[in-house]
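Enquirer: Please see the structure below; I have some questions.
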Amino acid sequence: MEPFVLAAAVPEVDDASMAESTGWAIDHVKSFRSGLPGARNATMILPALAGGSIEPSARDWAAEDARILGTSLIGRSVTVETSPSS
C-alpha cells in the first residue's frame with residue numbers, strides 16, 4: 001500500500017473545507033499515479049485539516065467510513081483541532 005498524507009492548516013474546519021480538501025487530495029494523488037488500475041498497489045490518501053475551530057459536522061464527515069474510489073484508491077479524511085498559541 002502506498003500511503004499519502006496531505007495536510008493543511010486552516011483557521012476553521014467545516015464540511016465544505018473537508019470535502020474540498022479531500023477532493024483536491026484525491027485528484028492530486030491520482031494525477032501522478034501511473035499504470036493500470038487494479039494492477040498496482042492500493043493507495044491510501046489521508047487528507048488532514050488542522051485548525052483552531054472544528055465544527056462538529058466536519059468531525060462527523062471525517063469520521064465516516066473511508067471513501068473507496070475504484071479498486072485501488074482509498075481516502076480517509078482526518079481533522080486535527082489545535083489549541084491557541086500562548
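The values are calculated or read from the model by the stated rules, or taken from the named source; none is laboratory data. Everything numeric in this text was worked out from a predicted model, so none of it was measured. So basically every Cβ, Gly included, is an ideal-geometry build from the backbone, and we count neighbours across all protein chains shown. Ligands, DNA and RNA are excluded from the accessible area calculation, which covers all protein heavy atoms including side chains. Shrake-Rupley method; radii C 1.70, N 1.55, O 1.52, S 1.80 Å.
Enquirer: Of (1) open to solvent by 80 Å² or more (accessible area, probe 1.4 Å); (2) modelled with pLDDT of 80 or more; (3) over 28 Å from Pro11 (Cβ atoms), Ile68 satisfies all except one. Which?
Expert: Ile68 satisfies every listed condition except (2).
Enquirer: Suppose we keep only residues that are of a type in the set (D, E, K, R) and part of a loop (DSSP other than H, G, I, E, B) within the range 32-65. Which one would you say is modelled with the highest pLDDT? Reasoning before the result, please.
Expert: Our first condition is that a residue be of a type in the set (D, E, K, R); within the range 32-65, this holds for 33, 40, 55, 59-60, 64-65.
Narrowing further to those that are part of a loop (DSSP other than H, G, I, E, B): 33, 40, 55, 64-65.
Values: Arg33: 69, Arg40: 62, Glu55: 90, Glu64: 79, Asp65: 66.
Here the answer is Glu55.
Enquirer: Please identify the pairs in which a residue from the range 1-17 that is part of a helix (DSSP H, G or I) has its Cβ atom under 8 Å from the Cβ atom of a residue that is aliphatic (A, V, I, L, M), counting only partners at least 6 apart or on another chain.
Expert: These pairs meet every condition: Asp15/Ala58; Ser17/Val10; Ser17/Leu49; Ser17/Ala58.
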